[in-house]
């Protein structure tokens, strides 16, 4: 597509709108799943909106945190945690500073990033997935090499990156796992974030960002092989650190909600309410993360695994599939035991020692946990 195409200045045009998901899409985009809520918020939103924003900052935070509108529409909570953190994140996007969501794996960084982009721009698909193999083309632009060879450098031969499309439409671009991207490629963002332009020297031209353009990046500092951000790039981000849920009840609510949504999407056969086992998974993960039992009396070794909320969701979802297809339709300790062991024991030596100690010191004599202890012993 010609980057000078005037349709690129209209986020609602077919040229820039995301493709519609098929009815049986495994994971529809946030703006598709929550289209009714976004439409209701837009209709009720009378507060000032920054240029090219679909909602006001207040409405974006309401979309993330949940609430009840004046017409009775219930907006579901997308993030369970500090409202102030979301207010800071949204306020950042209303300025000329980019937003960096930082935290250990499983703290909903990608989830929040997607929903922020959906609420602000109506589109969450302008995405660059960071890996060790990400090149500058993913951030700047590439070329249709057949046309490049036939015609030479021309607007028609240029292939805009998601960042360039976001600049030309005044939208939000998302960059996942920024610290996975090689340092020299990261630095391609400096001009974009500081000057709000993207030079195209081959054409003697540049892409200038419209008002409303910004970048949301995510990163974590737990993975090995991370490329540190240069001080020049870090200065161009406001950093919001997303913590693991502070209260056990909050984490249980997050896991239960996400598991229910995933079970519906995957069309798993119905399983009896699983709240008891969800609480058990969450408690195990929290105890192993903190290195102390729930009653505070016993110190235990922590494994190398993160044991995040996302891992707990995966364990419970896997357990639901086992129970639905191979069990009696009720989530039991045996359905979650193998998933927990797999999540905890990443290192077969040190993690196995920590897990064995936890089973013997904490789980074995805990009232009502004999079935879980036996299942975990069998799943070793």
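Taken together, the values in this text are just the output of simple stated rules run on the coordinates, not laboratory data. All values derive from a computational prediction rather than experimental measurement. Don't worry about glycine lacking a Cβ; one is built from the backbone with ideal geometry, like all the others, and counts go over all protein chains shown.
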For the Cα atoms of the chain, what angle does the longest principal axis make with the long axis of helix 35-44, in degrees from 0 to 90, nearest 10? 60
Can you figure out the FRET efficiency of residue 299 with residue 241, using R₀ = 30 Å and their beta-carbon distance, to the nearest 0.05? 0.65
Spin-label pair residue 26/residue 328, simplified geometry with 7 Å Cα→Cβ offset, distance in nm: 3.3
Pick from 291, 103, 122: which is most flexible by mean-square fluctuation in a GNM of the chain where alpha carbon atoms under 10 Å apart are linked? 291
Rounded to the nearest 10 degrees, the helix 109-121 long axis (Cα) sits at an angle to the longest Cα principal axis of the chain of 40
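Please compute the contact order of the stretch 248-379 in relative form: average sequence separation of alpha-carbon pairs under 8 Å and at least six residues apart, divided by the residue count, as a percent.
So the answer I get is 26 percent.
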Rg and Dmax of the chain, using alpha carbons, in Å: what are they? 23.4, 76
Taking 0.36 nm per residue of sequence separation and subtracting the Cα-Cα distance, how much length would be gained by fully extending the chain between residue 205 and residue 88, in nm to one decimal? 38.6 nm
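Quick one, can you get me the convex hull of the C-alpha atoms of the stretch 248-379 expressed as volume per residue in Å³? Numbers along the way, then the final one.
Values: hull volume 13.2 nm³, N = 132.
Looking at the stretch 248-379, the number lands at 100 Å³ per residue.
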Grab the Cα-Cα distance for residue 378 and residue 261, subtract it from 0.36 nm times how many residues apart they are, and report the gain in nm with one decimal. 39.1 nm
Say we join alpha carbon atoms closer than 10 Å with springs in a Gaussian network model of the chain; which of 144, 214, 227 then has the biggest fluctuation? 144
Among 98, 217, 70, whose mean-square fluctuation peaks in a Gaussian network model of the chain (Cα, cutoff 10 Å)? 70
Across the stretch 78-159, what fraction of all alpha-carbon pairs, as a whole percent, falls in each successive 10 Å bin from zero upward? 14, 35, 27, 16, 8, 1
In whole percent, what relative contact order does the chain give with Cα contacts below 8 Å and a gap of six or more residues? 15
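For the stretch 154-252, state the average projected area of the convex hull of the C-alpha atoms over all orientations, rounded to one decimal in nm².
That works out to 8.7 nm², a quarter of the Cα hull's surface.
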What does the C-alpha gyration tensor say about the overall shape of the stretch 323-364? Classify as rounded when a/c is under 1.5, otherwise prolate if a/b is larger than b/c, or oblate. oblate
Between 0 and 90°, nearest 10: helix 83-93 axis offset from the chain longest Cα axis: 20
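Quote the FRET efficiency, to the nearest 0.05, computed for residue 361 versus residue 276 with a Förster distance R0 of 22 Å and r equal to the Cβ-Cβ distance.
Between residue 361 and residue 276 the formula returns 0.45.
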